[in-house]
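*Asks:* Dropping a structure here in structure tokens format, bear with me for questions.
The values are calculated or read from the model by the stated rules, or taken from the named source; none is laboratory data. A quick note: this is a predicted structure, and the numbers were derived from the prediction, not measured. Every residue, glycine as well, gets a Cβ built from its backbone with ideal geometry; the counts of neighbours run over all protein chains shown.
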Amino acid sequence: RVHVTGVSCRKPHVQVVFGSLPFPKMLAFEYFRDGFLKQFEDDIRTCLASWGEGMTLSPVPLGHATRVRFMACVLRQQAKVAPAWHGTAAKNFKSIFERGLLVPGEGGVRVS
């Protein structure tokens, strides 16, 4: 389910099942990201269209450690992944790209 500022797009049964990907390529974050975009780009653009034209999709510069942790988690949990919106202040982007999305109260992250 996708929901931002009163706009909601819902696509049931949208998921990536990793068991269907060739194992060696599954480990490459770029391969994952490219496959994710190929599978979900139309749905994402449909939702973004409700906010106007001129939106662009571009990959974020994730740090190496964040990529490795993400892929390890996906593989360990045999995760099903779907697009979702997350709003945050632009001042937090650099930290998120380098360290991942941190959850207050977990892994030593303090609640402020």
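*Asks:* How about the stretch 30-65: which of its residues are in contact (Cβ under 8 Å) with a residue 24 or more places away in the chain and within 12 Å of the chain's Cα centre (by Cα)?
*Replies:* Those that are in contact (Cβ under 8 Å) with a residue 24 or more places away in the chain and within 12 Å of the chain's Cα centre (by Cα): 32, 33, 36, 40, 44, 59, 60, 62.
*Asks:* Hey, among the residues in the stretch 15-28 that are within 16 Å of residue 77 (Cα to Cα) and of a type in the set (A, V, I, L, M, F, W, C), which one's modelled with the highest pLDDT?
*Replies:* Per the criteria, the residue is 27.
Listed here are the residues, each with its yes/no results for (1) among the β-branched types (Val, Ile, Thr); (2) part of a loop (DSSP other than H, G, I, E, B).
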residue: 42; (1), (2): no, no
residue: 52; (1), (2): no, yes
residue: 57; (1), (2): no, yes
residue: 62; (1), (2): no, yes
residue: 66; (1), (2): yes, no
residue: 74; (1), (2): yes, no
residue: 84; (1), (2): no, yes
